[in-house]
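Scroll down for the structure; my scribbles are underneath it.
The values are calculated or read from the model by the stated rules, or taken from the named source; none is laboratory data. Bear in mind the structure is a predicted one, so any value in this text is a computation, not a measurement. Glycine also receives a Cβ, built like all others from the backbone with ideal geometry; neighbour counts cover every protein chain displayed.
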Amino acid sequence: MSYKVALKPSEKTFDVDEAESIVDAAHRQGIHLPYSCRDGTCGTCKGRVVSGEIKHDHYSPQALSDKERAAGMALFCQARACSDLVLEIDLNNPDIQRLPSRVDQIDHLGHDVMRLFLKLPAGKQLNYIAGQYIDIILSDGRHRTYSIAGAPRDDGMIELHIRNVEGGRFSDFVFHHLEQKTILRIEGPMGAFYLRQDSTRPMLLVAGGTGLAPIKAIIEAAQQAGDRREIILYWGVRSQRDLYFQKTVEQWAEQEHLRYIPVLSEPDDDWQGRSGYVHEAVLQDITDIAQYDVYAAGPPIMVSSARSSFLAAGLPEKQIFHDAFEWALDTQEAIKKN
C-alpha cells in the first residue's frame, strides 16, 4: 500500500510505502527531511501531522513527549503512514549538493578510528556550517552518515573521523581496502547541529567517542570567528586508548578560555582522571547549568541521557543542541573505486 505525502510550507509531495519510514521515503525521492540518529532518540526529524494517520516504531520519550504527540507532533524517522498525509516540517537544508570527492589523505588516529580528508573537484565547494554532516553514498545507493570534523576550509578539504564498527560495510572498507585517490560520492550538508554565534553564553561541549568530530568543528569555528566565550569540553570514552585525538585536545586546553575534562567509563588501572558516565561528571561539576549553551554529540544513549539529565537540572530546552548517531551494520561488498 502506498500513500501520498504533502509537505507544508514547501508544497513538496512524495509517495510513501506503508513499510518504510517517512524520512526514508522522502530521501529515496530526493526530498531531504532533517534527521540525525534515525533511531527516534534525538528529535531532529520532529514535525507536525496536519492531517492523516501515522503509527510510530520505537522512540525515546525524551525525543517526543506524550504532550507533543497529543498535539500532533511526530518523529518522521520512526513514523509510518496509515493514510495520505499533510505534514508541517521545516526543510532547513535547501542547498544540499551531491558531489564526487577524492580521498586525499588517510590517517590512523587510534586503534579503531581513521581520519579521511576528502578533496572536492576544482571549482566545487560544500557550503556547510561547522557541526553539520554529510552522507557517503554507497554503490547500491545506501547512505552512511558522518559529521564533518572541522570548520570550513579555504582548500575545500573535508575531514571525517571514521570509527571501525564490527560488521560495518563502509568502516570495514575504510580500514582494510580504502586507498588514496578513491572516488567517494557525498551528499550534504545536513543537520541543525552548529555553533550559535549570536549567543553570549559560555559553551559546554559534551562528546562521546567520535562525537568529538562535530565538536571539533564547532571549536574551530569559534576560534576562526574570534569567539572568546568560555568553553568547557567533556569527552567521554571507554578507556585511554579511545582518546584518539588527545594531543590536539590538550593543545586546545592550553588556551585560557577552554577547559578540557576526559571521562572514562571503563578506566584503566593507571588512570588518574575522571571516571563514570560523561553526563554525570558534568552535573557533578556544574552547579548552574542554565548559564551555558550545551552542545552534545555522540551515541544516542549518551545524548538522550545527557539531554534528560541536563533538562532536569534546570537547563532551558532552547539552550541544548545535540547530534545523536548510530551505526548502520551490514556485510555487503564495498564501494566503487577509481
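Of all positions in the stretch 91-100, none carries a residue that is charged (D, E, K, R), touching a Phe, Trp or Tyr at 6+ places or on another chain (Cβ under 9 Å) and closer than 18 Å to Arg185 by Cβ. In the condition set (1) among the charged types (D, E, K, R); (2) closer than 22 Å to Thr44 by Cβ; (3) surrounded by fewer than 20 Cβ atoms within 10 Å (Cβ to Cβ); (4) in contact with a Lys or Arg (Cβ under 9 Å, 6 or more places away or on another chain), Asp135 is compliant with all but (3). Does Phe193 satisfy the criteria of being at pLDDT below 95 and under 14 Å from the mean Cα position of the chain (by Cα)? Yes; evaluated as a whole, the condition is true for this residue.
Would you check if Glu230 is surrounded by fewer than 18 Cβ atoms within 10 Å (Cβ to Cβ) and in contact with a Lys or Arg (Cβ under 6 Å, 6 or more places away or on another chain)? No: the conditions fail for Glu230.
Within the group Ile215, Ile134, Ile129, which residue is of a type outside the set (Phe, Trp, Tyr) and either in contact with a Ser or Thr (Cβ under 6 Å, 6 or more places away or on another chain) or assigned to a loop (DSSP other than H, G, I, E, B) (or both)? The unique qualifying residue is Ile129. Checking the structure you have, find out if any residue of the stretch 261-269 is touching a helix residue (DSSP H, G or I) at 6+ places or on another chain (Cβ under 6 Å), crowded, with 16+ Cβ neighbours inside 10 Å and over 28 Å from Asp154 (Cα atoms). Yes - at least one qualifying residue is present in the stretch 261-269. For the stretch 81-98, taking the residues that are surrounded by 18 or more Cβ atoms within 10 Å (Cβ to Cβ) and modelled with pLDDT of 95 or more, the one that is nearest to the chain's Cα centre (by Cα) is identified as Leu87.
When you scan the stretch 153-172, do you find a residue that is in contact (Cβ under 8 Å) with a residue 24 or more places away in the chain, at positive phi, small (Gly, Ala, Ser) and buried (at least 22 other Cβ atoms within 10 Å of the Cβ), even just one? Scanning the stretch 153-172 turns up no residue that is in contact (Cβ under 8 Å) with a residue 24 or more places away in the chain, at positive phi, small (Gly, Ala, Ser) and buried (at least 22 other Cβ atoms within 10 Å of the Cβ). Against the numbered list (1) assigned to a loop (DSSP other than H, G, I, E, B); (2) within 23 Å of Pro300 (Cβ to Cβ), Gly188 comes up short only at (1). The condition of being surrounded by fewer than 16 Cβ atoms within 10 Å (Cβ to Cβ), basic (Lys, Arg) and in contact (Cβ under 8 Å) with a residue 40 or more places away in the chain does not hold for Arg38.
Assess whether Lys67 counts as being part of a strand (DSSP E or B) and closer than 24 Å to Ser304 by Cα. Against the criterion (part of a strand (DSSP E or B) and closer than 24 Å to Ser304 by Cα), Lys67 does not qualify.
Residues checked against (1) in the same structural domain as Leu126 (by TED's automatic domain parsing); (2) surrounded by 22 or more Cβ atoms within 10 Å (Cβ to Cβ):
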position	(1), (2)
His177	yes, no
Ile183	yes, no
Asp198	no, no
Thr210	no, yes
Pro214	no, yes
Glu220	no, no
Ala225	no, no
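Please verify whether the stretch 213-232 includes one or more residues that are under 16 Å from the mean Cα position of the chain (by Cα) and more than 27 Å from Val23 (Cβ to Cβ). Yes - at least one qualifying residue is present in the stretch 213-232.
Among the residues making up the stretch 63-75, those that are buried (at least 16 other Cβ atoms within 10 Å of the Cβ) and out of contact with any Cys (no Cβ under 9 Å at 6 or more places or on another chain) are Leu64, Glu68, Met73.
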